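Novice: Got a structure for you, written out below as structure tokens; questions coming shortly.
The values are calculated or read from the model by the stated rules, or taken from the named source; none is laboratory data. What you are looking at is a predicted structure, and each value in this text was computed from that prediction instead of being measured. A quick note on method: Cβ atoms are made from the backbone with ideal geometry, for glycine too, and the neighbour counts reach across all protein chains shown. Areas reflect the complete protein model, heavy atoms only, side chains present, ligands, DNA and RNA absent. Shrake-Rupley method; radii C 1.70, N 1.55, O 1.52, S 1.80 Å.
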Amino acid sequence: MFDLLVVSDCVLDIYYRVKRLPIRAYDLVVASEPILSPGGACSVAVIASKLGLRVAVVDKLGDDPFSNLLIKMLEDSGVYTGFLKRMNDSYTTISNNIIDESGRHAFLGYLGAGVYLTPSDVDEHVVNSSKAIFISGFNIAYSSNVKETAIKVAKISADNGLMVFLDPGPAARAIRELVTLIKPPGAILLNSDEAKALYGLNLRDAVEVMRESGGNFIIKLGSRGALMVSNGDVKRCPTREVKRILTTIGAGDAFDAAYITGLLMGLNNYESCKLANYVASLRLNVLTTMDMPDMRNLITQWVKGQEFNV
């Protein structure tokens, strides 16, 4: 049995550090040595594993050398990769993350085999053998196959009383059917832009629709913490001040992983949200997901009110 099954959007991130952005046509820019790391939803998987969960991932990768690198890093992080499928004559999804000295970033990526994930690629028994499911909506924006797969997983989970968590990403406008399948204590985890896109409303009105729906929504607000919309109530949970920010890439993934971990380990919604903000703040201080510390004792220290030392 797994504590968490992560579905879709397993990406290989390649980080480059440059002096400044933007990079214009005909510029000659020499970056620092590239650093590789799991990205996308596989970033959620790695951080959840570092927090002490038993984690597995479901997705399609290419048959290229990048898939070998990604699988090794996941396995080195304690993530089970036996449900990943390789697709012949295709490439693994890549995100080139370019960061300047001010912490600004730009992305140049390629959508690989992951957009071909289909319902038949997900074993119902594997879903039912997991305590919680995390679905990334990123590829739903580009693939009807992935949308059908996500709906299948959500329906199986709902029928069997599993907790389901969804981060819609750029597919926020196209996932209302999926949102209705996710019941508390499962949650939709999204940022303010995605919250507005979900219902085509301003943030205040979108929050009101969420409140009346009876669902569980967590709206990530960066340095302003997060907004919890749950059981008809709206409450803000705080974050800590961060003096040094290396990059904001992956902070939302760290939040998702920690929030889910908190709930699975017995924290309530508010404490899980506070924990998620804290772990996201740690992510701001390192370049990649792989640089995050071992946090298996964090929940125990959190409950005792002790400071976690990285």
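Novice: I want to verify a result. In a Gaussian network model of the chain, Cα cutoff 10 Å, which of these has the top mean-square fluctuation: N285, N191, N160?
Specialist: Highest fluctuation among the options: N160.
Novice: Moving on to the next point. Picking from F107, F138, A171, whose Cα lies most toward the positive end of the charge dipole for the stretch 93-190 (charges on Cβ: Lys, Arg +1; Asp, Glu -1)?
Specialist: Highest projection toward the positive end goes to A171.
Novice: Mean separation of Cα pairs under 8 Å and 6+ residues apart, divided by the residue count of the chain: what relative contact order is that in percent?
Specialist: Contact order relative to length: 17 percent.
Novice: How do the peptides 193-203, 113-123 rank, highest first, by the average count of neighbouring beta carbon atoms within 10 Å per residue?
Specialist: Packing proxy ranking, top to bottom: 113-123, 193-203.
Novice: Would you kindly give the portion of the calculated P(r) for the stretch 53-166 that falls above 16 Å, as a percent of all Cα pairs?
Specialist: 64 percent
Novice: Only helical DSSP H runs with n ≥ 4 go in: add -39500 (n - 2.57) per run for the chain, normalise by residue count and round the 222 nm mean residue ellipticity to 500 deg cm²/dmol.
Specialist: -9500 deg cm²/dmol
Novice: For a quick check: with amide H placed at 1.01 Å from N, whose amide H comes under 5 Å from N285's, ignoring anything fewer than 5 positions away on the same chain?
Specialist: Sorted by chain and number, the residues that satisfy this are L246.
Novice: OK, next. Each residue of the stretch 168-181 in turn: what ³J(HN,Hα) in whole Hz from Karplus with 6.51, -1.76, 1.60 and θ = phi - 60°, glycine and Pro shown as x?
Specialist: x, x, x, 8, 3, 6, 10, 10, 4, 4, 5, 4, 5, 8
Novice: To the nearest 10 Å², what's K155's accessible area with a 1.4 Å probe?
Specialist: 100 Å²
Novice: I want to check the label-to-label distance for N88 and N160. Put each point 7 Å from Cα in the C-beta direction and report it in nm to one decimal.
Specialist: About 3.1 nm, to one decimal.
Novice: Determine the sum of side-chain charges near D89: Lys and Arg each +1, Asp and Glu each -1, restricted to other residues whose C-beta is under 11 angstrom from that of D89.
Specialist: Net local charge, D89 excluded: -1.
Novice: Now for a separate question. So, in nm, how far is label S213 from label S144 when the simple model puts each one 7 Å beyond its Cα toward the Cβ?
Specialist: Going from the S213 label point to the S144 one covers 2.4 nm.
Novice: Another question, then. T180: accessible area at probe 1.4 Å, nearest 10 Å²?
Specialist: Solvent-accessible area, nearest 10 Å²: 80 Å².
Novice: In the chain, which whole DSSP H runs stretch at least 18 Å along their own axis (Cα) and average -0.5 or higher on the Kyte-Doolittle scale?
Specialist: 144-159, 251-264, 269-283
Novice: Please give the per residue volume of the convex hull enclosing the alpha carbon atoms of the stretch 148-278, rounded to a whole number of Å³.
Specialist: Convex hull of Cα atoms, per residue: 105 Å³.
Novice: Between N268 and R240, what FRET efficiency follows from the Cβ-Cβ distance if R0 is 25 Å, with the result rounded to 0.05?
Specialist: After rounding, the FRET efficiency stands at 0.85.
Novice: For M163, what residues show an amide H to amide H distance below 5 Å, using hydrogens built from the backbone and excluding near sequence neighbours?
Specialist: Here the answer is I133, since their amide H atoms fall under 5 Å of that of M163.
Novice: Given the protein chains as shown and a 1.4 Å probe, how many square angstrom of R211 are accessible, to the nearest 10?
Specialist: Surface open to solvent at R211 totals about 80 Å².
Novice: Turning to a different aspect of this structure: Say each of V29 and N285 gets a label point 7 Å from the Cα, pointing the same way as Cα to Cβ; how far apart are those two points in nm?
Specialist: Using points 7 Å along Cα→Cβ, the separation is 2.8 nm.
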